[in-house]
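Visitor: Got a structure for you, written out below as C-alpha cells; questions coming shortly.
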C-alpha cells in the first residue's frame with residue numbers, strides 16, 4: 001500500500017469521470033484516507049461515500065481563502081494531519097485571445113491558479129510541523145505548447161502560472177521535507193472534453209500523439225500516485241508529462 005496511513009486532500013474531485021475522482025479512487029485503493037473537496041457539497045459527500053466509510057467529502061470554493069482555511073482546519077481537527085494535497089480543481093474556457101473578457105479571465109485565473117496557491121498555503125504549515133508532505137499541482141500540456149485543444153490563452157497562462165508557482169514553492173519548502181511537483185496532462189477523456197470531441201477532431205488529434213490513443217483519467221491518477229507516494233521521495237520541483245507523447249521536449 002503506497003499511501004497507507006496517509007491523509008490525502010483532493011480538490012475538485014466530485015465529477016464522476018474526472019481526474020480528481022479517479023485519483024481519489026486510486027488513493028483509497030492504495031491505503032490512503034481521502035478527503036474530497038468540491039464546490040458541490042452533496043456531490044463531494046456522495047463521492048467520498050462511494051470510496052468507503054473512512055473517507056470524507058466537504059464543500060470548498062478554492063477561490064475563497066476563508067473557505068480553504070475552514071476546510072483544512074476541519075480535516076486537521078478530525079484526522080490530526082495532512083500528508084498529501086492534490087490541487088486538481090480547475091476550469092477551462094474555449095475562447096480566442098480577442099474574445100477573453102474580464103469575467104472569463106478572472107474565473108480561469110482564480111480557480112486554476114489562485115486556488116492552487118490558497119490550498120497550498122493552508123496545508124503547508126501542517127506539513128511543516130510534520131516535517132513531511134507532498135503537494136501535486138495540476139497543470140496542462142497547454143501551458144507548455146502555448147495553447148490547448150479546448151482551453152483559451154488565459155487557461156494556458158493560468159496553467160503556466162501553476163508550473164512557476166509549484167517550482168518556487170518546491171524550492172522554498174524543500175528544507176521542510178515538503179515535496180511539490182506538477183503534472184501536465186494532455187488531452188484526457190473526461191466530462192469536460194467528452195461532448196466536444198467530434199470523430200474528425202479525434203482523428204486529427206491522434207495523428208499528433210505517438211502512443212496513438214487519448215488519455216484517460218486513470219493515466220493521470222497514476223502519475224499523481226507516484227508523486228504523492230514515497231516512490232518519489234527524492235523528486236521535487238518536477239513536471240511530469242502525461243500526454244502520450246503529444247509534446248516531447
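The values are calculated or read from the model by the stated rules, or taken from the named source; none is laboratory data. Note that the structure is a prediction, hence the values are computed from the model and not measured. Neighbour counts are summed over all protein chains in view; Cβ atoms, including those assigned to glycine, are modelled from backbone coordinates with ideal geometry.
Visitor: Could you tell me how many of the residues in segment 40-69 are in a helix (DSSP H, G or I) and either in contact with a helix residue (DSSP H, G or I) (Cβ under 7 Å, 6 or more places away or on another chain) or modelled with pLDDT under 95 (or both)?
Guide: Here the count works out to 5.
Visitor: Take residue 72 and tell me if it is within 20 Å of residue 132 (Cβ to Cβ), touching a helix residue (DSSP H, G or I) at 6+ places or on another chain (Cβ under 8 Å) and assigned to a strand (DSSP E or B).
Guide: no
Quick grid of which residues meet (1) surrounded by fewer than 13 Cβ atoms within 10 Å (Cβ to Cβ); (2) in a loop (DSSP other than H, G, I, E, B); (3) on the phi < 0 side of the Ramachandran plot:
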{"residue": "197", "(1), (2), (3)": "no, yes, yes"}
{"residue": "204", "(1), (2), (3)": "yes, no, yes"}
{"residue": "209", "(1), (2), (3)": "no, yes, yes"}
{"residue": "212", "(1), (2), (3)": "yes, yes, no"}
{"residue": "219", "(1), (2), (3)": "no, no, yes"}
{"residue": "226", "(1), (2), (3)": "no, no, yes"}
{"residue": "237", "(1), (2), (3)": "no, yes, no"}
{"residue": "240", "(1), (2), (3)": "no, no, yes"}
{"residue": "249", "(1), (2), (3)": "yes, yes, yes"}
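Visitor: If you don't mind, there's one more thing I want to ask. Only one residue in 37, 2 is surrounded by 15 or more Cβ atoms within 10 Å (Cβ to Cβ) and assigned to a loop (DSSP other than H, G, I, E, B). Which one?
Guide: After applying the criteria, what remains is 2.
Visitor: Moving to a separate point now. Working carefully through the options 73, 69, 16, 46, find the one that is more than 21 Å from residue 127 (Cβ to Cβ), over 17 Å from the mean Cα position of the chain (by Cα) and surrounded by fewer than 16 Cβ atoms within 10 Å (Cβ to Cβ).
Guide: Selected residue: 46, the only one of 73, 69, 16, 46 that is more than 21 Å from residue 127 (Cβ to Cβ), over 17 Å from the mean Cα position of the chain (by Cα) and surrounded by fewer than 16 Cβ atoms within 10 Å (Cβ to Cβ).
Visitor: So residue 103 passes all but one of these: (1) in a helix (DSSP H, G or I); (2) over 14 Å from the mean Cα position of the chain (by Cα); (3) touching a residue at least 12 places away in the same chain (Cβ under 8 Å); (4) over 18 Å from residue 185 (Cα atoms). Which condition number does it fail?
Guide: All conditions pass for residue 103, except number (3).
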